[in-house]
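Note sheet for the following structure.
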């Protein structure tokens with residue numbers, strides 16, 4: 001084997017190594033084992049310093065690393081400066097190797113980081129520039145999986161804007177419908193699950209049709225079960241529980257609240273679930289649905305106790321007590 005062949009062999013070995021890291025960390029992501037995925041990246045970060053590693057492979061490594069880091073902060077932290085730094089580096093590496101699919105992936109995730117930073121206040125307009133650049137690149141190279149991601153992010157952008165208009169809601173629905181059609185045609189089941197979830201929110205809040213919303217949420221949950229996307233099952237079950245609650249089917253609502261708690265505990269994501277629990281309760285309080293929200297918290301309390309989340313149960317009991325006291329006044 002001459003020197004050129006040796007160099008090519010080393011380069012190919014690094015290419016396979018990066019692909020292996022991406023594959024195993026993606027499996028861990030599905031399983032909700034984010035800490036293990038992060039450990040793999042932290043243990044192998046020096047790989048991007050090796051000159052034998054192609055720039056394209058370095059970009060792939062950094063994009064997956066940033067995605068896992070971002071997932072680890074979901075509804076828990078709202079500073080993504082480090083992730084944006086990694087993705088900006090990945091974008092430049094991808095540009096230098098003319099890997100347009102990777103450029104688009106990096107741009108899309110930068111937009112997602114900006115969106116995630118401002119989601120609580122609906123202030124993330126800067127994200128649209130990155131989403132648009134990613135979308136245009138994916139249209140150019142006909143990347144259908146990438147297009148599904150772009151349509152989803154464009155939908156999110158319009159759905160959750162501060163003071164979003166009726167036009168924004170309709171735009172988000174159009175993007176979700178367009179993306180869902182492509183995801184079904186190409187059998188992208190995770191993307192289908194995402195689209196069904198947010199189409200359900202459109203049915204609930206824009207059309208006030210909880211039955212249609214329930215069916216969409218059930219489809220989303222079933223798809224996540226089918227592909228083993230365990231990391232987000234608690235949120236899918238919680239959404240189903242809420243739709244049953246709004247339909248006054250408290251038996252099925254309780255069943256799915258219990259499922260949500262079971263998965264949150266098994267995935268070590270109880271704190272994230274509680275954020276959503278209290279956020280939804282606060283929305284109902286603002287809508288002056290005090291009696292209804294007490295019933296809601298009572299169902300969630302039973303689920304917390306069933307899941308042996310004693311701390312969460314105490315917080316919920318305190319909330320019920322405060323609400324009951326105010327309701328009597």
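The values are calculated or read from the model by the stated rules, or taken from the named source; none is laboratory data. Bear in mind the structure is a predicted one, so any value in this text is a computation, not a measurement. Reconstructed Cβ throughout: ideal geometry from the backbone, glycine too, with neighbour counts over all protein chains shown.
Brief remarks on what is shown
- Candidates 289, 308, 271, 226, filtered to the one that is touching a residue at least 12 places away in the same chain (Cβ under 8 Å), out of contact with any helix residue (DSSP H, G or I) (no Cβ under 8 Å at 6 or more places or on another chain) and surrounded by fewer than 16 Cβ atoms within 10 Å (Cβ to Cβ): 271
- The conditions of being surrounded by fewer than 22 Cβ atoms within 10 Å (Cβ to Cβ) and either assigned by TED's automatic domain parsing to the domain that holds residue 250 or under 25 Å from residue 100 (Cβ atoms) (or both) are met by residue 181.
- Taking the numbered list (1) in the same structural domain as residue 151 (by TED's automatic domain parsing); (2) closer than 21 Å to residue 265 by Cα in turn, residue 242 passes all entries but (1).
- When region 73-85 is filtered for residues that are loosely packed, with under 15 Cβ neighbours inside 10 Å and in contact (Cβ under 8 Å) with a residue 12 or more places away in the chain, the ones remaining, listed by number, are 76, 78, 79, 82.
- Criterion: touching a residue at least 60 places away in the same chain (Cβ under 8 Å) and surrounded by fewer than 19 Cβ atoms within 10 Å (Cβ to Cβ) - qualifying residue of 26, 51, 31: 31
- If you go through region 86-100 and keep only what is surrounded by fewer than 22 Cβ atoms within 10 Å (Cβ to Cβ) and either under 19 Å from residue 25 (Cβ atoms) or in contact with a strand residue (DSSP E or B) (Cβ under 8 Å, 6 or more places away or on another chain) (or both), you end up with just 89.
- Any hit, region 247-257, residues being under 26 Å from the mean Cα position of the chain (by Cα), surrounded by fewer than 20 Cβ atoms within 10 Å (Cβ to Cβ) and more than 24 Å from residue 199 (Cβ to Cβ): yes
- For residue 41, the test of being in a helix (DSSP H, G or I) and surrounded by fewer than 23 Cβ atoms within 10 Å (Cβ to Cβ) is passed.
- Region 69-87 - residue that is under 15 Å from residue 268 (Cβ atoms) and part of a helix (DSSP H, G or I) and, of those, nearest to the chain's Cα centre (by Cα): 71
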